[in-house]
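Take a look at the structure below.
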Amino acid sequence: MATVFTDSKLPFSLDPYHVSAELGFVLQAPQQELPEFYQPWMDIALRITDLVQSHMLRSRIDKMPLLSTEYLETHRDLRLAHLALSAMTMGYVWQEGEDGTIEMLPQNLAVPLWEVSQGSGLPPILTHADAVLANWRKKDPDGNLELLVTLPGGDSARGFFMVTLLVELAAVPALRSIPTVINGVRRGDGEAVAGALEVIQQSLQDMTHALKLMHVYVEPSIFYGIMRIYLSGWKDNPSMPKGLVYEGVQTEPMHYSGGSAAQSSLLHCFDQLLGVQHEATSGHFLHRMRDYMPPAHRRLIQDISREPSLREFVQGERASNARLSRAFTLCVAQLVALRSDHINMVSRFISIPAGRARQLRSRGRTAGETEAISMAPVALEERGTGGSGIMTFLKTVRDRTGDACLPGSSEALQEQGGQL
Ligand code: HEM
């Protein structure tokens, strides 16, 4: 990875990190079509759901020509190619469910996926950067959005990716305020930092509201029973213990985690800014998720962590600047609230359906069982798509977030009606 040397005499800015003022980490105007030469890919990528349902995706991909990637010229071309090829890969691997997986991805898919992965700095698997950040277009002049590529799950799949996109968009004011915080700390300007933290807190609250839309647009049984497997990877996944051989790339199997919003750079940035220190095991998982982000976004997280500590600055100013310490505490409290709501959502979309699936299994599946939940993979019951033990992990991450609060401030906050 290329190192960007930021001259600390220059003000901190988001310019070197591929972050847009309007859309944050979301890719601006993603490419919707590839050069004509790549039509054989797009013909399949735009029909993944139908082809999976008719059990034809693997045979269509097997007959696909092995195409050179040399005509993919721009970053946007590479991102669309990565989205298309990685989504096809998920369909290919999981088309026959957890008992019908494969050990080798055919070279006409594996080789170009590998090459566009090298070109874009993403791993050769579907990531948050593909399915959410680079997977949208304007449907009409009113600005309504739709997905470019989708996976099985119908309206719930669309809802899942779109709501996640809305969370990314709600975070844009917070992202834009990060340089103001950093430059304010560098200059010792407590008022500027307090103002920027107030914007960040509001934006975190808007993200929390956007997250709740998941309950409106996604049906838990469809998410759990149908969609989730297509987001699963081949690292620490009992259904694919050997990993996956990418034919024509290397003979040894490779292991990659599945797609998850743990790969979104947002909370990683806010954690670094606010000084959240994660516990070793969960911190290790979160750190590993950075390998699934676009390299420029990964660098931003790292560069924020190298800046002088905001938390120490707030602590130093505490006696003289009540607005500043309150804004900092409210930001931490809002990040805790966001993570608590996310935990509730995971309970509704994974833990509860998993309980129902176990119940159905113990009763014995009937031949005509149509309940979506009964189609869910067993191997992932207790695990996240990234391979983590879900609830312990999420609660540890949430609790460590609260620990970033300044000593004594949680009591002060509770007195004001807030909570940590
Ligand atoms: C139905 C919706 C969702 C479910 C079931 C879900 C589930 C999970 C699970 C199981 C994990 C554990 C790690 C892993 O397995 O990858 C996780 C982590 C995470 N998810 Fe979600 N998620 C959902 C939506 C979202 C959305 C919309 C966001 C925000 C963009 C989000 C942000 C995160 C973050 C940041 C983590 C890492 C843990 C943390 O930093 O607190 N998730 N999610």
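Taken together, the values in this text are just the output of simple stated rules run on the coordinates, not laboratory data. Source: prediction; values computed, not measured. Cβ placement follows ideal geometry from the backbone for every residue including glycine, while neighbour counts extend to all protein chains displayed.
Nearest 10 degrees is fine. How inclined is helix 295-305 to the longest principal axis of the chain, computing both from alpha carbons?
The angle comes out near 30 degrees.
I need 343, 222 ordered by Cβ neighbour count within 10 Å, fewest first.
Fewest to most other Cβ atoms nearby, the residues stand as 343, 222.
Dipole of region 299-370, Cα-centred, from +1 at each Lys and Arg C-beta and -1 at each Asp and Glu C-beta, to the nearest 20 debye?
For region 299-370, the charge dipole is close to 480 debye.
Can you give the angle from 0 to 90° between the axis of helix 154-170 and the longest principal axis of the chain, with both taken from C-alpha atoms, to the nearest 10?
20
Using θ = phi - 60° and the Karplus form 6.51 cos²θ - 1.76 cosθ + 1.60, what ³J(HN,Hα) does each residue of region 250-257 get, whole Hz, x for Gly and Pro?
So the J values, rounded to whole Hz, are 7, 7, 6, x, 10, 10, 9, 6.
Which whole-angstrom value gives the distance between the alpha carbon centres of region 224-289 and region 24-72?
Each part reduced to its Cα centre gives a spacing of 23 Å.
If you take every DSSP beta bridge fully contained in the chain, what fraction is antiparallel? Give it as a percent rounded to 5.
75
Net charge near residue 398: determine it from the other residues with C-beta under 13 Å of the C-beta of residue 398, scoring Lys and Arg +1 and Asp and Glu -1.
-2
For each of 142, 399, count neighbouring Cβ atoms within 10 Å of the residue's Cβ, then give the residues from fewest to most.
Ascending Cβ contact count within 10 Å gives the list 142, 399.
Report the calculated FRET efficiency for residue 403 and residue 247 (r = Cβ-Cβ distance, R0 = 56 Å), to the nearest 0.05.
After rounding, the FRET efficiency stands at 0.75.
Can you order the peptides 11-22, 69-80, 129-140 by their average number of other Cβ atoms within 10 Å per residue, highest first?
Ranked from most to least packed, the peptides come out as 129-140, 69-80, 11-22.
Whose amide H sits under 5 Å from the amide H of residue 245, counting only residues 5 or more places off or on another chain, with H placed in the peptide plane?
Under 5 Å from the amide H of residue 245 lie the amide H atoms of 104, 105, 254, each far enough along the sequence or on another chain.
Which shape class applies to region 197-330: rounded if a/c is under 1.5, otherwise prolate when a/b exceeds b/c and oblate if not, where a ≥ b ≥ c are the square roots of the Cα gyration tensor eigenvalues?
Taking the square roots of the gyration eigenvalues as a ≥ b ≥ c, region 197-330 is oblate.
The chain: percent of C-alpha pairs farther apart than 30 Å?
That fraction is 44 percent.
Between residue 281 and residue 54, 0.36 nm times their residue separation minus their Cα-Cα distance comes to what?
77.6 nm
Taking the Cα centre of the chain as the origin, how large is its charge dipole in debye, to the nearest 20, when only Lys and Arg (+1) and Asp and Glu (-1) carry charge on their Cβ atoms?
I would put it at about 720 debye.
So what is the calculated 222 nm ellipticity per residue for the chain, using -39500 (n - 2.57) for each DSSP H run with n of 4 or more, over all residues, to the nearest 500 deg cm²/dmol?
One gets -15500 deg cm²/dmol as the mean residue ellipticity at 222 nm.
Quick one: grab the alpha carbon gyration tensor of region 237-280, order the square roots of its eigenvalues as a ≥ b ≥ c, and give me rounded if a/c is under 1.5, else prolate or oblate depending on whether a/b is larger than b/c.
Here region 237-280 falls in the prolate category.
May I ask for the net charge around residue 27, where only other residues with Cβ less than 13 Å from the Cβ of residue 27 are counted and Lys, Arg are +1 while Asp, Glu are -1?
It works out to a net charge of -1.
Please compute the modelled spin-label separation between residue 142 and residue 33, points set 7 Å along Cα→Cβ, answer in nm with one decimal.
That separation, rounded to one decimal, is 2.6 nm.
Per residue of region 324-336, in order, report the coupling 6.51 cos²θ - 1.76 cosθ + 1.60 (Karplus, θ = phi - 60°) as ³J(HN,Hα) in whole Hz, putting x for Gly and Pro.
5, 5, 5, 4, 5, 4, 5, 5, 4, 4, 6, 5, 5
For region 250-337, which GluC sites (Glu not before Pro) are in a loop by DSSP, counting at most 15 other Cβ atoms within 10 Å?
Within region 250-337, the qualifying GluC sites (Glu not before Pro) (loop, at most 15 other Cβ atoms within 10 Å) are 279.
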